[in-house]
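Novice: Before I ask anything, let me first share the structure, which is written out below as C-alpha cells.
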Amino acid sequence: QQQVKQSPQSLIVQKGGIPIINCAYENTAFDYFPWYQQFPGKGPALLIAIRPDVSEKKEGRFTISFNKSAKQFSLHIMDSQPGDSATYFCAASGGSQGNLIFGKGTKLSVKP
Amino acid sequence: DSGVTQTPKHLITATGQRVTLRCSPRSGDLSVYWYQQSLDQGLQFLIQYYNGEERAKGNILERFSAQQFPDLHSELNLSSLELGDSALYFCASSVGQALGYTFGSGTRLTVV
C-alpha cells in the first residue's frame, strides 16, 4: 500500500523525442503526486505536481497525465533536449502518509 | 542554491564509527525530512520533524537517530557504521506537511 512503482528504470531518446515515464500506486488516500528531477551530484528538485481532481497538468515542456481509476500517473517531456538528461522520480503522499513516498527513479538520456 | 544547507558534503569514515550530518532548512520551513539514497533502493524516507517534534518515522535503523533544534536546524546521527550505510543522505524541508519539498545537495557518506 505504501509503494510507488516507477518504470522504466532507464530510457534513451533522441533529441526532440517525447520520453514517457510511468508510475503506479496502491494507496487510494494519496492526493499529491509530484515529479522530481535530479542531476548528478545534486539534490532532487521539484519539477511539477498534480492533485487527483485534474487529469492533466502542463508546465512548459513537462506534462503530467493522471488516471485516478487506474491509479497511475505519467510524466511526458515534449521536445526533449540533451539538458533534460537526468534521473526523474515520481512520488506520492496523502492520508496518513504525510511524507513523500518515492519511486525508484528513471535515468533519462537524451541523445543529440 | 535551493536554500537548504547540508554539511558536510562528503564524509569518509571507518566501520564502527559515529557521524553527525547537519541540515539547515529553507527560511520559514518548519518541516525537515531525512532521506537515504542508494543505487538500488532509490530515495528511502528515514524520519520527519516538524517544529522540533518527531512527526513520522520510516525505514530508519535503530543505530540512526535525529533531532530538530529550536532554531529548526536538524542533525542526523549515524552510529556503529557499517559498509552498507554508505549512501547519499538528503535533507529536505517544507513549510508544512509533505507539500513542495526542497532538497539540499546531500551528504555523501562513505564507510570504509
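Each reported figure results from applying straightforward, stated rules to the coordinates on display, with no laboratory input. These numbers were taken from a predicted model, which means no experiment stands behind them. Heads up, the Cβs are rebuilt from the backbone with ideal geometry, glycines too, and the neighbour counts pull from every protein chain shown.
Novice: Whole number please: convex hull volume per residue of the Cα set in chain A, in Å³?
Specialist: 90
Novice: So if the hydrodynamic radius of region B:64-112 is defined as the Kirkwood radius over C-alpha pairs, what does Stokes-Einstein give as its diffusion coefficient at 4 °C and 1.567 mPa s, in µm² per second?
Specialist: Translational D for this selection: 104 µm²/s.
Novice: Can you list residues from other chains, or at least 5 along the same chain, whose modelled amide H is less than 5 Å from the amide H of A:Gly103?
Specialist: A:Cys90, A:Ala91
Novice: Can you pull the percent of Cα pairs in the protein assembly as shown with separation above 26 Å?
Specialist: Percent of Cα pairs beyond 26 Å in the protein assembly as shown: 37.
Novice: For chain B, state the average projected area of the convex hull of the C-alpha atoms over all orientations, rounded to one decimal in nm².
Specialist: 6.3
Novice: Mean-square fluctuation check for chain B, GNM, Cα pairs under 10 Å: which of B:Gln68, B:Gln36, B:Gln17 is largest?
Specialist: So, out of B:Gln68, B:Gln36, B:Gln17, the one fluctuating most is B:Gln17.
Novice: Just checking the output field for A:41-53: average partner chain Cβ neighbours within 10 Å of each residue's Cβ?
Specialist: Counting other chains' Cβ atoms within 10 Å and averaging over A:41-53 gives 4.
Novice: Additional query: For the pairs A:Lys68/B:Lys9; A:Lys71/B:Lys9; A:Lys71/A:Lys107; A:Lys111/B:Lys57; A:Lys15/B:Lys57, flag any whose C-alpha to C-alpha distance is greater than 32 Å.
Specialist: Pairs exceeding 32 Å: A:Lys68/B:Lys9; A:Lys71/B:Lys9; A:Lys111/B:Lys57; A:Lys15/B:Lys57.
Novice: Using a cut-off of 15 Å between beta-carbons, work out the net charge of the residues near A:Ile64 (Lys and Arg +1, Asp and Glu -1, A:Ile64 not included).
Specialist: Around A:Ile64, the surrounding residues sum to +2.
Novice: How much FRET efficiency would the formula 1/(1 + (r/R0)^6) give for B:Glu53 and B:Leu83, where r is the Cβ-Cβ distance and R0 is 30 Å, rounded to 0.05?
Specialist: Efficiency computed from Cβ-Cβ geometry: 0.35.
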